Amino acid sequence: MKDRNHLFDVGISHTVNIIDKGTVDIPMLQILQPDGSAHSDAQMPDMSQETAHKIFQTMHYIRVLDERMVGAQRQGRISFYLACSGEEASTVGSAAALSEHDMIMSQYREQGALAYRGYRTEQFMNQMFSNKLDPNKGRQMPIHYGDKALNFMTISSPLATQIPQAAGYAYGQKMAGNQAITICYFGEGAASEGDFHAGLNMAAVLSCPVIFFCRNNGYAISTPSSEQFCGDGIAARGLGYGIKTIRVDGNDVLAVYLATQKAREIALTENCPVLIEAMTYRLAAHSTSDDPTGYRSKEEEQKWREKDPVQRFENWMKSKGWINEEQHKQFIEQTRQEVLAAMKKAEQVDICEIDDLVNDVYDMPPWHLQEQLSQLKKHIRLYPDAYPKTAGRIRHD
C-alpha cells in the first residue's frame, strides 16, 4: 500500500478506466437466520453458555431499562432519553468480545455495552436524574454516561467527536505497549461529519489499534441513508482509507461477536485500525424528542421487527437448551422491579450544590461566572418553589 501511494507497481491503462462504485462487493457476515436458526455452513464463534446467558440477560435488561425510562420522560421525570431497541445485538454482542482493559468510546445508544461491563442500575439512574451521586455533578444531559473503572469514556453530545479521540487514545495504548485496544461506536449519520474522515485517516496513517464500529441503522434522525450518501454504505469508506473492513448483520449476536473478536485480534496483533459496519435498524424513535411516523412507515418497521435481534438470539439459545423459561420470567420481573425502585430512589436524592456549576473548570472561577452564579442564587431565593431540592420534580422539604 505504501509503495502504491508513490505509484510503484501500479497497473497502467492506455484507455480511460472508470472504477464504478459496484466494483468491490463487500459481503455481510451472517450466522443466524432471522428465525434464529444457524446457517448450515456458518463459521460458529467459540461462545460459552455462560457468555451467551450474560449477553441474553443484558439485552433484556436494556429493553426493560429503555421502556421504563422512555415512560419516565413522558411523565416529566427526566428531560431526555435515547432507546437502543433493535440495536442490542450490535452493542452487547460487540462488548462481549472485548477485554475489560479495552477502552470504549461510545455515541449515545450503547448503554448495552456499559451494562455488560457492569454498570449498575443505580448508576444509570443517578446520571439520568443528575443528582448529587452523579459523577458528572449534574452538568450533563441524561444518557451521557462515563465510568473510569469500567474503561468507558464519558459521552459527548456533538456527533463524531469521539472518533478522532479514539484514534489518539489507541495510539497512546500502542506507545505505552498496552495489550489493549479502543473501540469507537457511532452511527452512519456521524460518518457524515468531518471528524469521521480525520479520525479514520489518522488511525490508518499512525497504525492505531482501534475498532471503528458503525451502527448503520438506516436513519440519521429523520434522514434515511439513501439521502446521506450514494456509496456502498460506510464499509466502502474504510477501504478508501486503507483500513481492514468487515460488514456484519447487526441483528445477529453471533455474527457481531465473531466479527468483533476477529477485529480485536487484528487490531492488537497488527497494530492497525479495523472498521466494522453493523447493518441494523432503530425500532424506537431517534429520541424522546422524535416522532418517526413522520418519515417512515409502519410496514417498514414491521419488516424489521421480524428480524428482532433479541428474539433471534433467544430462539437460538432455546435450540441449544440454554434457556429456562421460568427463570427467565423471574429475571424479567425482578429487573422491572429493580429499575423502578432505583428510579424512585434516584429522584429522591438531593440535587448537586449550585456552586458545582462553575467548579472544576478553572483553578479560580473568573469574575463573570461568579457574578452570574450570584445572580442565579438570588433568582432561586425569589422563586424557591420552582427549584426543588431533589432530582425529582416534586419538592421535598
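The values are calculated or read from the model by the stated rules, or taken from the named source; none is laboratory data. Note that the coordinates shown come from a computational prediction; the quantities given were computed from them, not determined experimentally. Neighbour counts are summed over all protein chains in view; Cβ atoms, including those assigned to glycine, are modelled from backbone coordinates with ideal geometry. Accessible surface areas use protein heavy atoms only, side chains included; no ligands, DNA or RNA. Shrake-Rupley method; radii C 1.70, N 1.55, O 1.52, S 1.80 Å.
Observations on the model:
- Members of the range 68-78 that are assigned to a helix (DSSP H, G or I) and within 14 Å of Phe124 (Cα to Cα): Arg68, Met69, Val70, Ala72
- Single residue of the range 145-154 satisfying the filter (among the hydrophobic types (A, V, I, L, M, F, W, C) and open to solvent by 40 Å² or more (accessible area, probe 1.4 Å)) that is farthest from Gln127 (Cα to Cα): Ala149
- Only one of the numbered conditions (1) in the same structural domain as Val253 (by TED's automatic domain parsing); (2) touching a residue at least 40 places away in the same chain (Cβ under 8 Å); (3) open to solvent by less than 30 Å² (accessible area, probe 1.4 Å) is not met by Ile26, and that is (1).
- Of the candidates Ser85, Ser156, the single residue that is outside any helix (DSSP H, G or I), closer than 30 Å to Glu306 by Cβ, more than 11 Å from the chain's Cα centre (by Cα) and not basic (Lys, Arg) is Ser85.
- Test: residue in the range 377-385 that is open to solvent by 60 Å² or more (accessible area, probe 1.4 Å), touching a Lys or Arg at 6+ places or on another chain (Cβ under 9 Å) and not basic (Lys, Arg): yes
- Test: Ala167 is in contact (Cβ under 8 Å) with a residue 60 or more places away in the chain, in a helix (DSSP H, G or I) and of a type in the set (A, V, I, L, M): yes
- Yes/no for Ser157 being open to solvent by 20 Å² or more (accessible area, probe 1.4 Å) and either under 21 Å from His197 (Cβ atoms) or not assigned by TED's automatic domain parsing to the domain that holds Ala191 (or both): yes
- Residue match in the range 118-130 (condition: free of Cβ contacts under 8 Å to residues at least 40 places away in the same chain, part of a helix (DSSP H, G or I) and out of contact with any strand residue (DSSP E or B) (no Cβ under 8 Å at 6 or more places or on another chain)): yes
- Among residues of the range 112-143, those that are surrounded by fewer than 20 Cβ atoms within 10 Å (Cβ to Cβ) and either basic (Lys, Arg) or under 19 Å from Gly187 (Cβ atoms) (or both), counted: 6
- Single residue of the range 160-201 satisfying the filter (of a type in the set (Asp, Glu) and open to solvent by 50 Å² or more (accessible area, probe 1.4 Å)) that is nearest to Arg264 (Cα to Cα): Asp195
- Leading residue by the ranking (modelled with the highest pLDDT) among those in the range 357-372 that are in a helix (DSSP H, G or I) and within 35 Å of the chain's Cα centre (by Cα): Leu369
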